[in-house]
1. In 20 Å bins starting at zero, report the fraction of Cα pairs in the protein assembly as shown per bin as a rounded %.
2. Kindly express, to the nearest 10 degrees and within the range 0 to 90, the angle between helix D:57-68's C-alpha long axis and the longest C-alpha principal axis of chain D.
3. Pick from C:G127, C:G176, C:G61: which is most flexible by mean-square fluctuation in a GNM of chain C where alpha carbon atoms under 10 Å apart are linked?
4. If each DSSP helix of 4+ residues adds -39,500 (n - 2.57) and the sum is divided by the residues in chain C, what number results at 222 nm, nearest 500 deg cm²/dmol?
5. Rg/Rh for segment B:175-217: what does it come to with C-alpha atoms and Rh from Kirkwood?
6. Could you please point out the chain B residue with its Cβ nearest to the axis of the rotation taking chain B onto chain C, and the distance in whole angstrom?
7. Please find the FRET efficiency linking D:L243 to A:A146, where r is the Cβ-Cβ separation and R0 is fixed at 22 Å, and quote it to the nearest 0.05.
8. Based on the Cα atoms of segment D:46-128, what semi-axes does the equivalent ellipsoid have, where each is the square root of 5 times one gyration tensor eigenvalue, given in whole Å with the largest first?
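Where a number appears in this text, it was derived from the coordinates with a stated rule and is not lab data. Since we're looking at a predicted model, the values are computed, not measured. Here the Cβ positions follow ideal geometry from the backbone for every residue, glycine too, while neighbour counts run over all protein chains shown.
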Number of protein chains: 4
Amino acid sequence: MCGDGALAYPIVAVNEANTKHLFDNRYGTGQSTIDGITRATNILWAGRQVVVVGYGWCGRGVAMRARGLGSQVIVVEVDPLRALEAVMDGYRVMPMQEAARAGDIFITLTGDINAIGKHHMDAMHDGAILANSGHFNVELNLEALAGMAEKRREIRPFVEEYTLGDGRKLFVLADGRLINLSAAEGHPASVMDMSFANQALSSEYIVLKEERLPIDVYRVPHEIDAEIARLKLASLGVQIDELTDEQRKYLASWEEGT
Amino acid sequence: MCGDGALAYPIVAVNEANTKHLFDNRYGTGQSTIDGITRATNILWAGRQVVVVGYGWCGRGVAMRARGLGSQVIVVEVDPLRALEAVMDGYRVMPMQEAARAGDIFITLTGDINAIGKHHMDAMHDGAILANSGHFNVELNLEALAGMAEKRREIRPFVEEYTLGDGRKLFVLADGRLINLSAAEGHPASVMDMSFANQALSSEYIVLKEERLPIDVYRVPHEIDAEIARLKLASLGVQIDELTDEQRKYLASWEEGT
Amino acid sequence: MCGDGALAYPIVAVNEANTKHLFDNRYGTGQSTIDGITRATNILWAGRQVVVVGYGWCGRGVAMRARGLGSQVIVVEVDPLRALEAVMDGYRVMPMQEAARAGDIFITLTGDINAIGKHHMDAMHDGAILANSGHFNVELNLEALAGMAEKRREIRPFVEEYTLGDGRKLFVLADGRLINLSAAEGHPASVMDMSFANQALSSEYIVLKEERLPIDVYRVPHEIDAEIARLKLASLGVQIDELTDEQRKYLASWEEGT
Amino acid sequence: MCGDGALAYPIVAVNEANTKHLFDNRYGTGQSTIDGITRATNILWAGRQVVVVGYGWCGRGVAMRARGLGSQVIVVEVDPLRALEAVMDGYRVMPMQEAARAGDIFITLTGDINAIGKHHMDAMHDGAILANSGHFNVELNLEALAGMAEKRREIRPFVEEYTLGDGRKLFVLADGRLINLSAAEGHPASVMDMSFANQALSSEYIVLKEERLPIDVYRVPHEIDAEIARLKLASLGVQIDELTDEQRKYLASWEEGT
């Protein structure tokens, strides 16, 4: 919007704050996505093949938690750096078409359209479960699935069964909308606190500086980010050290060594 | 009951079957206990100190899953062998009195009475959460807690707040009853299937042998146990090998070596 | 040997003691096998496909540690109960022939002969590494491999390169002998202490009871096992609780409930 | 050096490349640090209290791998954001002085001076092991330790025993120099390949652009970084998808939503 001149006022990109995306997106979405799917389906995660589509911070969180519950995780990712991290983190990485055949549960977190499309659903085995925890209900191509289905019915709240022409049944959760908000309670308060703190303190920051800030997209100032982390640690009863003067000086220098 | 002559008919100790206690107790209770506490409280598990009281199969399952969700797990156990396993599995092990001061969330799975008693609750910090996933509502000494409390109220379904004389608040889940059955849906069908198969096939076993079985407690026959595992693997689409004749012969011998 | 009347004196099956096989076999073999392969090859474990053949206590240890270093673990097992545990523990389980195609590193811990045979090696990809950490050098069929090879040479200490007729190279570690003893230092002292304590205390037990013990195979007495665990915990500075009288009484009863 | 005008030619900060610091520092240092300490001491990691000082990419790698081997990990960190990540990753976080009392093995990865100083060593228990895997041998204050010691001797290669006045023994590995380079073989080739590729391709980049690059510090161009990741994935036999045109268009737009 900024590039298109469509912004009406200055924006702070709160999602880019470390105390937002490293925590809310990873630990929050990780847990609440699993939680939403569990509440919707009451499946046992242990031993299941879970396909995580998208290995951004949200995808990492979900992959980490699915593994923590005993699932075998397959990651689908288009960015080679992220794909390589997923490999080194111990996950199998493969194209979506191949993952479609292997998965029991599919979770999209790409922020993009049709991450799972018709040809993928064509390849899924009977009983596969599809959920989205990305941004909108466009990540699963449900229109295509509706076209493939001979019958649809809700078998539990948030669980819709699509019976395909060949008899296979696919289960779509929460109509492809964010599963953690639909079927669970969204993120726990203890992770949203940091996200809201970023919004509140960034709003204050804009207001107090209002006249000097041209219309543009700004990062959350590092001091706000660090202050939120400090307050959060204190609320958890965790104490940390500070650098000594000697250490601060050493870090800034480049002359010492061995 | 057997020792006391109180049995009225032969019993098969289904809980001792490997396809029961290794799976239902561990993977089932592990997941569903966490699930029940999450639904009751919507807490974030990451970064929390979780005290697991009892390191039997159920306790192992809960410890494993709490860690899998990012918690730091403390194990309390009276059996030295199990305590040592918990240490080697990477958990902190300490007496209950010490754990009482450190924990954020307490989960009892001991099968015994007063695993958490008055003096432990005396030491807990404000905001601590207590849940039981063992057998009965005797593991937490709630009578003592009621005596310590100046005020009690339900703040969410399954969450009772006890305000103590010194102002601390402790939260008891589901009145100390099994949290997975109270606040969640119990074990997933895909783990109960094996437990029920043990019950069904053991009943059949007793009935078909009825005249020959004196009143006593019996183990589930190994063939039933192994057959259930085989059927379960098949249902998951997992294939395994069989020993070759050469391998079977080698295993039975003691003469070869190096 | 007992069944064949070949025993010359009473034997205590020390390997069956909990403080032996639950610790030495699992945590000891787990770590030292990985250590031996690392020293022999200096491979990076992260992102590798590691095939663990045999899911007994040793195999569990190796699978757990390979995963802990970032590998993707495939388990091969003939026992359905163990295979099912491996599935629920989050590993892929498949027949050896299929694993042969997928694996980068193969580790046998079966206690049996030809766990990896000619037709498996036929299917392995170029660069695959084979090691044994089971009991003897019979788990890998090296005779068959020698017959398949056009050229053999040692490329690092403990690493022999077999060049096959089709150009593929397979690497066999330590001539198929126990890799942890060959290329590393065997188990750490802090796990062997318990194994040796079992041997010493069991020998004492036999000697002190000598006249009364017929020639047979005996289990390590539970008191010895528990005492070793107690001493080990103390040496680690870990304290645990004891049951109260009330708890002991409750455990023994069957009349209370809810 | 750039700020001080001390640079003699343009520099590409190769360590900042994603295919360098996310992999070499994390997975490489993580594994090789553990490897170096294992080879030097042959300790069992399971059940040990490991203190990781510094939670940058190297520290994360070491913490992850120590946990993967069954250790209980304590993180010491001065940056509140990193400290909070360590908490959420399931580690205990505390000031160095407190960690000094709790730890069995201390590993510094701070890039700073005296991360472990005299007052910390004063508080360590008998038998504690100290190693550095940061940058230079200044992270441990060995001068102070030498002043505290009554006796010093090498008890194994790379293991020096300092006997203090009060009888406690502390063990310093590799004279405080990088433990992975001293006692093991440094990083595996399969992670250094990416680091060297960054150096080679960045050198080529500077040379080909030589005339246009003023003396300054540059980032590795994203295309080089991504190309290295792509090549690495290919070498591992891992295939990934590319965005479709529809997906590329959707990502760039801000008008669609729900």
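1. Going out from 0 Å in 20 Å bins, the protein assembly as shown shows 11, 43, 37, 8, 1 percent.
2. Relative to chain D, helix D:57-68 is tipped by roughly 60 degrees.
3. For chain C, modelled as a Gaussian network with Cα springs under 10 Å, the answer is C:G127.
4. Mean residue ellipticity, 222 nm, calculated: -11500 deg cm²/dmol.
5. My calculation puts Rg/Rh at 1.22.
6. Output: B:M64, 6.
7. 0.35
8. 18, 16, 11
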